[in-house]
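First up is the structure itself, then whatever we jot down about it.
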Amino acid sequence: MLSLLSIVGVFLFLCILLFFGAVYTESCKAEYPPGMACSAELRSLQRILSFMSVLGRTLEKFSISTEISIVHLLERLFNEKSEDDPELFTKDLKFEGVPVRVYQPREPSAGQRKGVLFFHGGGFVQGNLDVYDKLCRKISKRAGVVLVSVGYRLAPEHLYPAAFQDCLKASIHFLRTALDFGVNPSSIITCGDSAGGTLTAAVSQALVTRKDIPRPLAQVMIYPVLQMVDFNLPSYQQNRGVPPLLRERILFYILTYILGGDLSASRDVQNGSHVPPDVRKKFSKWLSVDHIPEEVVGYMRCAGYTPHTMAAFDKNLYQKLKQVFEPSCSPLMAEDAVLHLLPKSYILTCEFDVLRDEGILYKKRLEDNGVSVTWHHIKDGFHGVMSLYDQWVCESGIQAMDSIVGFIKDA
C-alpha cells in the first residue's frame, strides 16, 4: 500500500505536470509569421509571458493573488530607477497629485528647450515610471528635450477615466509651468506607446480646445490603441496570435480598464455585440478596410481575410461598455471639428501587430482634416518593438527609435 508521503508526492507531480502543460498550451497559441523580426527572441519572451499568465490565473483560482499582481511584483523586482546619469538631471515630482519623473539634459542650452510629455504603455493595467526609465532617458538625451514621464493610475484599482484624467492634469500643469523647467510652453510634444498612444491622442484632443494654455506642438503615437469598436479589422484577423499582444490580450486589457476584470463578455465584444446600430453606421466610414493601403493589407485578402459582420446588438452589454465610444477611449471616433485642430502628428505602426490598421485609419482621418502626418511603418515589426531597441539585436527597434527621435528634433 502506498504511504501517505508517496500519495502526496504523486499528487504534487501531477499538479506540476498539469501546470506546465497549461503553460505549454498557452505558449502554443502564439504565431510567428515568416519575415517577422527577432522571432527567436520573441518565442523566448512569449514563454515567460505564458508562464506568468498561467501562474497568475492559477493563484487567482485559489484566491492567493492575481495575474496583474504577479506582473506588478515582477516589475518592481526587475525594474528600478537608473543610477545617476552624467548627462541628465532626474527628479521625481508630483504634478497636481500625479507622480511624474522629469528628465533634464545637463548640457547648457542656448535657449529654451522643447518638452515631451511621455505616457507609458501597458494596457492601462501595468507599466510604471521605472519600467520606462531607460527608454525615457534615451529619448531625453538623444533629442535634447526635457521629458516628463507620467505615472498615471492603473486598472483594475482605478478604472477609466482615471488614467486619462491623470495624464490630462499632468499635461496642463506642465504647460503652465514649462518655463520653470527651461522649456518653451509652445514647444511641448505629447508622446506615448500602445495604451500610452491612446492617452497621447486623447490628451491632445482635449488640449486643442482649451484657450487658457498653449496647444501641443506635436503628438507622437507609437503603435497606439485608437478604437474599441471593431476587433475584426484585417490586422486583428491576421495578427490575432502574434505575440506579445494577442487579440485575446487586448480584450483582456480593455475590459479590465473599463469593467475592472469582468472578462465574461470577451467573445461578445470581439464579435461587436456592444456596438449599437446607429454607431455601426456612423463609424463604418471611418473603420473601412478601403482606407488601408493595398501594400499593407492586399496580401491578406489573398490569404483568406473575410469582412466581418457584427453580431446582434446586446443593449445590456452596451450599457456596461458605452464609455468605449468616447474619444478619450477611442480617439479615432472624435468629430472632425476636433481633429482639424490637432497639431502635426507622428504615427508608428508595425506589420505584425493587431493595432496596425487603426493607426493607419487614424492617419487617414487626420490627413482628411488637414493635419500633417509622418507615418513610419515597420514591415517586419511587432507590437513593442521599440522597447527592445537595445536589448536584442533588433534593427527594427533601432530604426523606430531613430525615427521618433528625428521627428521630435525636427518638430
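Consider V116 against the criteria (1) more than 15 Å from the chain's Cα centre (by Cα); (2) among the β-branched types (V, I, T); (3) over 26 Å from D402 (Cα atoms): it satisfies all of them except one. Which criterion is unmet?
Just one mismatch for V116, condition (3).
Got at least one residue in region 137-152 being over 23 Å from R356 (Cβ atoms), part of a loop (DSSP other than H, G, I, E, B) and at pLDDT below 95?
So far as region 137-152 goes, no, none of its residues is over 23 Å from R356 (Cβ atoms), part of a loop (DSSP other than H, G, I, E, B) and at pLDDT below 95.
Please list, ordered by first then second residue, the pairs with beta carbon atoms under 8 Å, 6 or more apart or interchain, first in region 156-180 and among the polar types (S, T, N, Q), second surrounded by 17 or more Cβ atoms within 10 Å (Cβ to Cβ) and part of a helix (DSSP H, G or I).
S171/V203; S171/L207
Which count do you get for residues in region 9-34 that are in a helix (DSSP H, G or I) and either at pLDDT 70 or above or crowded, with 16+ Cβ neighbours inside 10 Å (or both)? Let's see the steps before the verdict.
Just the residues of region 9-34 that are in a helix (DSSP H, G or I), to begin with: 9-27.
Cutting the leftovers down to either at pLDDT 70 or above or crowded, with 16+ Cβ neighbours inside 10 Å (or both) gives us 22-23, 25-27.
Of the residues in region 9-34, 5 are in a helix (DSSP H, G or I) and either at pLDDT 70 or above or crowded, with 16+ Cβ neighbours inside 10 Å (or both).
Applying the selection to region 321-372, what residues are acidic (D, E) and either more than 21 Å from A411 (Cβ to Cβ) or touching a residue at least 40 places away in the same chain (Cβ under 8 Å) (or both)? Explain how you work it out, then say what you get.
First, the residues of region 321-372 that are acidic (D, E): 326, 335-336, 351, 353, 357-358, 367-368.
E326, E335, D336, E351, D353, D357, E358, D368 - these are the residues of region 321-372 that are acidic (D, E) and either more than 21 Å from A411 (Cβ to Cβ) or touching a residue at least 40 places away in the same chain (Cβ under 8 Å) (or both).
Hey, can you tell me all the residues within region 138-169 that are in contact with a strand residue (DSSP E or B) (Cβ under 6 Å, 6 or more places away or on another chain) and of a type in the set (K, R)?
Across region 138-169, the qualifying residue is only K169.
Name the helices (runs of 4 or more DSSP H) wholly inside region 317-411 in which the number of residues that are within 20 Å of G122 (Cα to Cα) is 1 or more. Spell out how you get there, then give the answer.
Numbers: elements: 336-339, 356-368, 395-410.
Passing ranges, in order: 356-368, 395-410.
Only one of (1) at pLDDT 90 or above; (2) surrounded by 19 or more Cβ atoms within 10 Å (Cβ to Cβ) is not met by I292, so which one is it?
Result: I292 passes all but (1).
Looking only at region 153-163, count every residue that is assigned to a helix (DSSP H, G or I) and buried (at least 21 other Cβ atoms within 10 Å of the Cβ) and tell me the total. Don't jump to the end; show me each part of the working.
Initially, region 153-163 is screened for residues assigned to a helix (DSSP H, G or I), giving 162-163.
Next, from what is left, pick out any that are buried (at least 21 other Cβ atoms within 10 Å of the Cβ): 163.
The total comes to 1.
I'd like the full set of residues that are small (G, A, S) and in contact with a Pro (Cβ under 7 Å, 6 or more places away or on another chain), limited to region 24-59. Full working, then the answer.
If we filter region 24-59 for residues that are small (G, A, S), which is where we start, we get 27, 30, 35, 37, 39-40, 44, 50, 53, 56.
A30 - this is the single residue of region 24-59 that is small (G, A, S) and in contact with a Pro (Cβ under 7 Å, 6 or more places away or on another chain).
What number of residues within region 184-228 satisfy the criterion of being surrounded by 24 or more Cβ atoms within 10 Å (Cβ to Cβ) and over 19 Å from Y346 (Cβ atoms)?
1
At least 1 residues that are assigned by TED's automatic domain parsing to the domain that holds K364 and either more than 19 Å from the chain's Cα centre (by Cα) or farther than 20 Å from M333 by Cβ (or both) in each: list the helices (runs of 4 or more DSSP H) lying fully within region 181-299 that qualify. Don't jump to the end; show me each part of the working.
Numbers: elements: 195-207, 234-238, 247-259, 266-270, 277-284.
Ranges flagged: 195-207.
The values are calculated or read from the model by the stated rules, or taken from the named source; none is laboratory data. Note that the structure is a prediction, hence the values are computed from the model and not measured. Don't worry about glycine lacking a Cβ; one is built from the backbone with ideal geometry, like all the others, and counts go over all protein chains shown.
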